[in-house]
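Quick notes on the structure that follows.
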Amino acid sequence: AELINAGDPFTEDFPTGPAVGEPVPDFALPDQNGNAVRFSEVKAGEGRALILFHRSASWSPYCKTQLVELQQNLDASSRNGVKVFAIS
């Protein structure tokens with residue numbers, strides 16, 4: 001495998017993902033039951049999305065705590081037009 005030098009992470013030209021307000025590229029990932037979920041289809045339209053990347057809910061107490069809090073507030077997020085995506 002060839003190692004790709006992405007640049008210096010402490011400069012502005014380091015690729016870290018979409019900028020704030022920039023559209024997220026479409027993607028599809030399996031859900032907790034193994035079914036494919038396409039981001040654009042679930043998000044559907046101009047709604048807002050919170051995308052959370054977490055290490056592991058099975059062994060990280062910090063990730064698990066945050067995911068439980070997100071689950072407890074899912075109704076409030078939904079009422080405010082925010083769909084929540086947690087990606088491990």
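The values are calculated or read from the model by the stated rules, or taken from the named source; none is laboratory data. On a predicted model such as this, the values are computed, not experimentally measured, just so you know. Positions of Cβ are generated from backbone atoms using ideal geometry, with glycine treated the same way; all protein chains shown enter the neighbour counts. Side chains are part of the model used for accessible areas, which takes the heavy atoms of the whole protein and leaves out ligands, DNA and RNA. Shrake-Rupley method; radii C 1.70, N 1.55, O 1.52, S 1.80 Å.
Listing for the model above:
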item	result
Extension reserve of the residue 35-residue 70 stretch, reckoned as 0.36 nm per residue once the Cα distance is removed	10.4 nm
Rounded percent of accessible protein surface that carbon and sulfur make up, segment 49-88, 1.4 Å probe	52 percent
Relative packing of peptides 53-61, 78-86 - highest average C-beta neighbours within 10 Å first	78-86, 53-61
Solvent exposure ordering (accessible area, 1.4 Å, most first) of 52, 74	74, 52
Residue 27 - accessible surface, heavy atoms, 1.4 Å probe, Å² rounded to 10	50 Å²
